Every structure is written in structure tokens, then in C-alpha cells.
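The values are calculated or read from the model by the stated rules, or taken from the named source; none is laboratory data. Note that the coordinates shown come from a computational prediction; the quantities given were computed from them, not determined experimentally. Cβ placement follows ideal geometry from the backbone for every residue including glycine, while neighbour counts extend to all protein chains displayed.
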Amino acid sequence: MNVTYATLDDIPRLQKFRQDAAAWLADRGLDQWSTVYPDDLLRSSIKAGTVFLFHEEAEEDPVATVTLDTLADPILWTPAEIREPALYVHKLTLSRLGSGSGLGSRILDWCGDRAAQAGCDWLRLDAWTTNTALHTYYRSQGFTHLRTVHNEQAYGSGWVAQRPAMLRNVGFHGPAGLLPR
């Protein structure tokens, strides 16, 4: 698996990942990601060097994306938690081609490895409050549920969890170090 930084040219592809995932979720009765993610926020994350694409082969279209950064939402995380060194997983999305292959688990391990390399104690994420299947999945990946925040400013994504950051070689290839910039 090859990992690259997303570029501004990837915005349509990133929006398509989200639209396809939203349609798949809607078929399961969930309204997660039912609103378009603003291009200006994507641009900002891409310019910050925190959006990654995963390709089976270097020249092939990506099969997954994740944003990995230090941005802790103060609505979801306590002041004490925000002070702890952590990286935060956002918008982890697999194409239908990548789903069911264990790729999501490997990407989470890659994120945890990046967090450990950056000297962080935690890998953290939030999930859609009503997506209990996703909660079960994250628990199976070693995440501990901390709390569910019911605040409309969380935009429906108030289930918060974390797991220790750990060095893991998942065999992904990309630029040396490939840490969030």
C-alpha cells in the first residue's frame, strides 16, 4: 500500500469518497455525512499536510483517505485531554473496493504509528453518535469509549474514543516519515 499527501487537485476525489460513503450509510438508515463537506475546510487540511490517500499501487487511484492532525474539538474533548499529546483521526473513508479487506484496521494502525513517532500518547477519534456498528468496530480496534457528547455543535459526531499510540509497521510506503506536517 502506498501513502501520499492529498493535493488540492484531489478535492473532487475526496468529496466523492464522502458522497459514496454517505450513500452507503443512507442505505443502512444512517444520516452520517449527509451534508457536503465544505471545500474550503478540505483545502485548509490539505494545505496543512494532514490529508492522506492510500493507493494499492503507486499509479492507481486511491482506495482510502484519512485526515490525521492535532485538532481536538473542544466540544468533544476536555481541557485536560486537549493538553495530552495526541493525534486525531478524521474522515477515515474507504472506497467500496477497499471495504471488508482489513484496510481500515491497517490505516488505524498506521495512524497510531504516526502518533507514536510524533511522541503522542494517544490516537483519538470521534464517531457518528447513532452509528453503533461503527462504535463496535472501533472498540474491536482497541479504542476505549470515553463518553458520548450530545451537543448540536458536534454535528451528530459525539461518540469519542481513544487508544494508546503504538509503533507498528504496517508495510505502507510513502515519503520518509510521512507525519502530519
(request) For the stretch 14-24, name all the residues that are surrounded by fewer than 16 Cβ atoms within 10 Å (Cβ to Cβ) and free of Cβ contacts under 8 Å to residues at least 60 places away in the same chain. (result) 15, 16, 19, 23
(message) Can you say whether residue 67 is in contact (Cβ under 8 Å) with a residue 24 or more places away in the chain, of a type in the set (Ser, Thr, Tyr) and touching a Pro at 6+ places or on another chain (Cβ under 7 Å), as far as the supplied structure shows?
(response) no
(request) Kindly indicate which of 76, 92, 53 is touching a residue at least 60 places away in the same chain (Cβ under 8 Å) and hydrophobic (A, V, I, L, M, F, W, C). (result) 76
(request) Give the residues of the stretch 117-157 that are aliphatic (A, V, I, L, M) and either more than 25 Å from residue 174 (Cα to Cα) or over 16 Å from the mean Cα position of the chain (by Cα) (or both), sorted by residue number. (result) 118, 127, 133, 134, 146, 149, 154
(message) Which numbered condition in (1) surrounded by fewer than 16 Cβ atoms within 10 Å (Cβ to Cβ); (2) in contact (Cβ under 8 Å) with a residue 12 or more places away in the chain; (3) more than 21 Å from residue 78 (Cα to Cα) is the only one that residue 118 fails?
(response) (1)
(request) Scan the stretch 76-94 for residues that are among the small types (Gly, Ala, Ser) and under 28 Å from residue 36 (Cα atoms) and jot them down. (result) 86
(request) Among the residues of the stretch 105-115, write down those that are surrounded by fewer than 19 Cβ atoms within 10 Å (Cβ to Cβ) and either under 21 Å from residue 34 (Cα atoms) or of a type in the set (Gly, Ala, Ser) (or both). (result) 105
(request) Quick one: residue 85 ticks every box in (1) surrounded by 13 or more Cβ atoms within 10 Å (Cβ to Cβ); (2) without any contact (Cβ under 8 Å) to a residue 40 or more places away in the chain; (3) in contact with an Asp or Glu (Cβ under 9 Å, 6 or more places away or on another chain) except a single one, so which number is it? (result) (1)
(request) Scan the strands (runs of 3 or more DSSP E) fully inside the stretch 62-181 and keep the ones with 1 or more residues being among the β-branched types (Val, Ile, Thr), in contact with a strand residue (DSSP E or B) (Cβ under 6 Å, 6 or more places away or on another chain) and modelled with pLDDT of 95 or more. (result) 62-69, 86-94, 144-148, 159-164
(message) Of everything in the stretch 5-46, what is more than 22 Å from residue 158 (Cα to Cα), of a type in the set (S, T, N, Q) and not in a helix (DSSP H, G or I)? Give them in sequence order.
(response) 7
(request) Please specify each residue of the stretch 35-59 satisfying the condition of being of a type in the set (S, T, N, Q) and either closer than 14 Å to residue 92 by Cβ or exposed (fewer than 12 other Cβ atoms within 10 Å of the Cβ) (or both). (result) 35, 45, 50
